[in-house]
1. Could you tell me which of rounded, prolate or oblate describes the range 283-371, using a ≥ b ≥ c as the square roots of the eigenvalues of the alpha-carbon gyration tensor, with rounded for a/c under 1.5 and, failing that, prolate when a/b is larger than b/c and oblate otherwise?
2. Can you give the local net charge around THR220? Use residues other than it whose beta-carbon is closer than 11 angstrom to its beta-carbon, Lys and Arg +1, Asp and Glu -1.
3. For the range 274-371, what does the accessible surface come to per residue with a 1.4 Å probe? Please give it in Å².
4. Once you've got the Cα coordinates, tell me which of LYS32/LYS64; LYS205/LYS303; LYS303/LYS355 are over 20 Å apart.
5. Run down the lysines and flag those whose C-alpha is under 20 Å from the C-alpha of LYS82, throwing out any fewer than 8 positions away in its chain.
6. I'd like to compare 212-225, 231-244: which one has the highest average count of other Cβ atoms within 10 Å, and what's the full order after that?
Amino acid sequence: MTVTYTFLGKGGTGKTTIAFATAKRYASQGKKVLFVGQEPASILSLILGADIGPEPTEIDSNLKAVNIQAASLLESGWEELKKLEAEYIRTPFFKKVYGQELGVLPGVEGILTINVMRGYSSSGEYDVIIYDGTGDKETLRLLGSAEIMSWYIRRFRQVILDSDLYKAISPFVQPISSAILNVDWTGDNFSQPTEKINELLDNAKSTIADPNRVAAYLVTTNDKAAIATARYLWGSAQQVSLTVGGVILNQADLVDNITAESSPITAEFAPLSVTPIPRRSTEDWQPLMDALPDFSQAVKAPKPMIIDIDKSQVSLFLPSFDKKQIGLTQYGPEVTIEAGDQRRNIFLPPPLSGKPVTGAKFQNDYLIISF
């Protein structure tokens, strides 16, 4: 089973340095590691000390690196789409459009990235994947894209099926599909593709929510703005079911003071552990590798969501937010939680589905919803 780690924090806190040190440490332990970066190729190659392109390149024993480029992903994905079109469409209409001509629409880069990451994870070639993305809200939106897409499919599919327009044209959908496509669809023409897509999305959501498979660590310095950014990203990560395993205090000079229980930065991130990392002053990576935390301990961090069927409660861990910043609405079997600029749609399990919200309280960084 492949485990993926990513790092969140303000720009300039050294996330890429910490990510690469983590990759090198796992590789030195005999793990097969893939470092996935999204920096400009020249910058990433400078940091890693090797030319890194869109295909995994071996840069050290047990360690490969790849630079994800959205344009290349779009081009290869477009060619795959045309192959499917040629297989199923009697008169393909995309064949005269080429991938090299396409520009990357806003939001598409995230979908392409999460898809290629899924491919690396399921390939069985790697024990550990280190994802060095932007490390900010964009990374969280990328990791939460499966949940967002799942919500759109759940809500809009039913809207379409219940619409007067669909009811009017439904008798003609099947023969029209047969005339255009090389396959014969019967019954609900949305059901088969929807089931396949939902299966992929459910797998993606369960992977993100499992700290044995995906976890994040916050990276900060003593700078107040960096600390505030890390706290905000900590709370926001819970909205996409991403477990934050701990805090890495980079460029730490006064290690003894930082690890003291009375240290302000320790209190800011309780109950997470704070690991100080020394400044990297030479080309020797070993001091950083030795100072890194035990990333496998992420499973002990607070879970983003706990569902207690017996108590008819759902508890959401939302650190760094106060109750004035949190909104709650309910639509049928779903509850929507807004915290900061993140929105989460919770599809309630069958025992709670259909039950109205009877109460909600914010206590010890948890939003506790009763049904």
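1. Prolate, since a/c reaches 1.5 and a/b exceeds b/c.
2. With Lys, Arg at +1 and Asp, Glu at -1, the net is +2.
3. With the other protein chains kept in place, the range 274-371 gives 54 Å² per residue.
4. Pairs exceeding the cut-off: LYS303/LYS355.
5. LYS95, LYS96, LYS196
6. Details: 212-225: 20.4, 231-244: 23.6.
In descending order of packing, they fall as 231-244, 212-225.
The values are calculated or read from the model by the stated rules, or taken from the named source; none is laboratory data. All figures in this text were calculated on a predicted structure; none of them were measured in a lab. When we count neighbours, we look across all protein chains shown, and the Cβ atoms used for this are built from the backbone with ideal geometry, even at glycine. Ligands, DNA and RNA are excluded from the accessible area calculation, which covers all protein heavy atoms including side chains. Shrake-Rupley method; radii C 1.70, N 1.55, O 1.52, S 1.80 Å.
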